[in-house]
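The values are calculated or read from the model by the stated rules, or taken from the named source; none is laboratory data. Note that the structure is a prediction, hence the values are computed from the model and not measured. Note that each Cβ is placed from the backbone with ideal geometry, even for glycine, and that neighbours are counted across all protein chains shown. Heavy atoms of the whole protein, side chains included, go into the accessibility calculation; ligands, DNA and RNA do not. Shrake-Rupley method; radii C 1.70, N 1.55, O 1.52, S 1.80 Å.
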Amino acid sequence: MTEHWWTHGVLYEIYTRSFGDSDGDGVGDLDGITDRLDYLAWLGVDAIWLTPFYRSPMADFGYDVSNHTDVDPLFGDLVAFDRLVAAAHGRGLRVVVDYVPNHTSDRHPWFVESRSGRQAAKRDWYFWRDARPDGSLPNNWLSLFGGPAWEWDDATGQYYLHTFLKEQPDLNWRNSAVREAMFEVARFWLDRGVDGFRVDVAAAVMKDPELRDNPYGEGPWRGQFWAEWEAQQHIHDFGHPDVFDVWREFRALVDAYDREDGRERLVLGEVSSHDLTAWARFYGQRLDAMHLPFGFHLLRHDWESATVGEVVDRVEAAVPAGAVSNWVLGNHDQPRVASSAGPERARVAMLLLLTLRGAPTLYYGDELGMPNVEIPPERTRDPWEGNVPGFGRDAARTPMPWTPEPNGGFTAPDVDPWLPLGPAGLGMDVATQQADPRSTLSFTRALLAFRRASAALRRGTYERLPGAPSGVFAFCRSEGAERLVVALNTAGDATELDLRGPGRVVLSTGMDRSGEPVNGRVRLAGYEGVVVGEATRG
Ligand code: NOJ
């Protein structure tokens, strides 16, 4: 398989509000990220993905864009952005930015114009519909963030569609002017030197042309969204077959830049389909749509070895020939893996993420084994929590703890950070873990270094190792003479695994077994993971 940076590179997600606050307002910003690039180079990731930093009223913390081609003053300005890109490139780090095509802010000039009258030039840029003859809503679609997906506009006497908050009206991508305007946004950032896009809700941009009601019926969701939303089959508002043409066109636009200068840019789509066949379609029939659809597969399952192994096998079977999967353990919309899988499994989960075939996304803070932070009700910020209690995402978005001091070096000690940090003094900060050769951070860094040097991990085959004892998921990654066995004990009891031949432990989650000879069997403590090199590295 041809190797590209995006077939193995580690993409580090930065929640822009929470990485570093350079100007002391309690909110992270672009200069705050630039200041921390040395850390990311030291850690050994390949690229960073920045969540939206565009002008926004922040109803959904930046996913409600009011100007796609400017930086919100909260985060800096275009000069700060250019500085960040130059500093990242200078350290060999690529920069991927968020692209939010499905909706804009209700304060975006396009929407302001669109709602100004039924004859407005941009009326058709959004979805405006009359009530049904009986006075009910135009259809039964629901907002993912709670309530109906339709908001009444008194001034023009029609409803508009919003798949998310009412402050996030959906754009009508069947209108070619919308498509062109949004493609122009992509060109703007490509011209500024970005290395690709993470495409927000990529499956939703094309809706059923007649906006028909979704049928009701059990879907694949399991408490991920609110009950009524999950009770519908989202065949008309998500994943319409016409969506692939959009992403093929978008990919062609990005590829044209690659052809121009020989650089490789990434299109990574947020696709949350549970149906792996539907998910795999986002690569495009000729691998000409997304380079990678997000691989959320591991998020939805228990951390039992058998389940994890089945998920990985099913994904491997679904990925088209010539492509790889992306893998995700957590992000700004999901509970942190150290909380969902449990703190004792945090390193096993990291070992899995960084040894599977494909390109992983690492969520900031997970390299520390950072758990969700408890947010007191009066400090809740996520509007989703207000709409549907229990669904808030604040706990996974808290500031990065750099030091054990108050406010963790994220912002000055006397500033109120936008979200509270977790308790200090428990070793959950970068400085403390850098000083400890057996910390989760030291483990993650060693693993990243090993991954970079290992052809088997970068581009080798994946093969499940049969006959692993209960609780253990084991697989081989091979390339040429290099053959690695990754064995993960997701259970608390110690056990042993048969290997095909002799070898040596390359790395263990406890950072205490490197170099240990292994002869036919490898012992695993509870919640321990090891990488064993079975042959001389080629
Ligand atoms: C997915 C993003 O990851 C999430 O944070 C956001 O709220 C929605 N899309 C809407 O843009």
Item to check | Complete set of residues in the range 96-128 that are within 16 Å of the ligand (Cβ to nearest atom) and basic (Lys, Arg) | outcome: Arg107
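I'm checking my understanding of the structure. Among residues of the range 143-158 that are within 16 Å of the ligand (Cβ to nearest atom) and in contact with a strand residue (DSSP E or B) (Cβ under 6 Å, 6 or more places away or on another chain), which one is least open to solvent (accessible area, probe 1.4 Å)?
For the range 143-158, the residue satisfying everything is Ala149.
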Item to check | Residues within the range 507-527 that are closer than 20 Å to Leu352 by Cβ and surrounded by fewer than 22 Cβ atoms within 10 Å (Cβ to Cβ), tallied | outcome: 9
Item to check | Checklist (1) in contact (Cβ under 8 Å) with a residue 40 or more places away in the chain; (2) within 16 Å of the ligand (Cβ to nearest atom); (3) open to solvent by less than 40 Å² (accessible area, probe 1.4 Å); (4) within 25 Å of the chain's Cα centre (by Cα) applied to Leu93, failing item | outcome: (2)
Item to check | Whichever residue in the range 413-428 is open to solvent by 40 Å² or more (accessible area, probe 1.4 Å) and of a type outside the set (Asp, Glu) and, among such residues, is nearest to Arg445 (Cα to Cα) | outcome: Met428
Next on the checklist: If I go through the range 37-82 residue by residue, how many of them are in contact with a helix residue (DSSP H, G or I) (Cβ under 6 Å, 6 or more places away or on another chain), in contact (Cβ under 8 Å) with a residue 60 or more places away in the chain and aliphatic (A, V, I, L, M)?
Outcome noted: 1
Checklist entry - Going through the range 48-79 one residue at a time, which ones are small (Gly, Ala, Ser) and either touching a strand residue (DSSP E or B) at 6+ places or on another chain (Cβ under 7 Å) or within 16 Å of the ligand (Cβ to nearest atom) (or both)? => result Ser56, Ala59, Gly62, Ser66
Checklist entry - Considering only the range 200-229, how many residues are assigned to a loop (DSSP other than H, G, I, E, B) and at negative phi? => result 19
Item to check | Members of the range 178-205 found to be more than 16 Å from the ligand (Cβ to nearest atom) and crowded, with 18+ Cβ neighbours inside 10 Å, listed by number | outcome: Val178, Arg179, Ala186, Trp189, Leu190, Val194, Asp195, Gly196
Checklist entry - Looking at this structure, is Pro241 part of a loop (DSSP other than H, G, I, E, B), closer than 17 Å to Pro293 by Cβ and free of Cβ contacts under 8 Å to residues at least 40 places away in the same chain? => result yes
Checklist entry - Is at least one residue of the range 250-261 part of a loop (DSSP other than H, G, I, E, B) and among the small types (Gly, Ala, Ser)? => result no
Next on the checklist: Just the residues that are open to solvent by less than 40 Å² (accessible area, probe 1.4 Å), closer than 18 Å to Pro401 by Cβ and in a loop (DSSP other than H, G, I, E, B), please, taken from the range 25-44.
Outcome noted: Gly26, Val27, Gly28, Asp29
Checklist outcome for this item: Of (1) open to solvent by less than 40 Å² (accessible area, probe 1.4 Å); (2) assigned to a loop (DSSP other than H, G, I, E, B), Gln334 satisfies every one except (1)
Checklist entry - Which of the residues spanning the range 367-394 are open to solvent by less than 20 Å² (accessible area, probe 1.4 Å), in contact (Cβ under 8 Å) with a residue 40 or more places away in the chain and outside any loop (DSSP other than H, G, I, E, B)? => result Glu367, Leu368, Trp384
Next on the checklist: Just to be sure before I move on: is Ser114 in contact with a helix residue (DSSP H, G or I) (Cβ under 8 Å, 6 or more places away or on another chain) and farther than 19 Å from Leu50 by Cβ in the structure I sent?
Outcome noted: yes
Checklist entry - When you scan the range 216-234, how many residues do you find that are free of Cβ contacts under 8 Å to residues at least 24 places away in the same chain and open to solvent by 50 Å² or more (accessible area, probe 1.4 Å)? => result 5
Next on the checklist: For the range 246-257, check the following and say yes or no: at least one residue is within 16 Å of the ligand (Cβ to nearest atom), open to solvent by less than 60 Å² (accessible area, probe 1.4 Å) and charged (D, E, K, R).
Outcome noted: no
Checklist entry - So Leu507 clears everything in (1) assigned to a loop (DSSP other than H, G, I, E, B); (2) closer than 24 Å to Trp5 by Cβ except one condition, right? Which one? => result (1)
Item to check | Count of residues meeting criterion [surrounded by fewer than 18 Cβ atoms within 10 Å (Cβ to Cβ) and without any contact (Cβ under 8 Å) to a residue 60 or more places away in the chain] in the range 1-21 | outcome: 0
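Looking at this structure, is Asp261 among the charged types (D, E, K, R), open to solvent by 60 Å² or more (accessible area, probe 1.4 Å) and more than 25 Å from Phe197 (Cα to Cα)? Explain how you work it out, then say what you get.
Numbers: among the charged types (D, E, K, R): yes; open to solvent by 60 Å² or more (accessible area, probe 1.4 Å): yes; more than 25 Å from Phe197 (Cα to Cα): no.
Against the criterion (among the charged types (D, E, K, R), open to solvent by 60 Å² or more (accessible area, probe 1.4 Å) and more than 25 Å from Phe197 (Cα to Cα)), Asp261 does not qualify.
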Item to check | Residue among Ala59, Ala47 that alone is within 13 Å of His108 (Cβ to Cβ) and either at pLDDT below 95 or small (Gly, Ala, Ser) (or both) | outcome: Ala59
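This table checks each residue for (1) open to solvent by 20 Å² or more (accessible area, probe 1.4 Å); (2) at pLDDT 95 or above; (3) among the basic types (Lys, Arg).
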residue	(1), (2), (3)
Ala396	no, yes, no
Val430	no, yes, no
Gln434	yes, yes, no
Pro437	yes, yes, no
Arg452	yes, yes, yes
Arg459	yes, yes, yes
Checklist entry - Restricted to the range 301-315, and to residues that are in a helix (DSSP H, G or I) and touching a Lys or Arg at 6+ places or on another chain (Cβ under 7 Å), which residue is surrounded by the fewest Cβ atoms within 10 Å (Cβ to Cβ)? => result Asp313
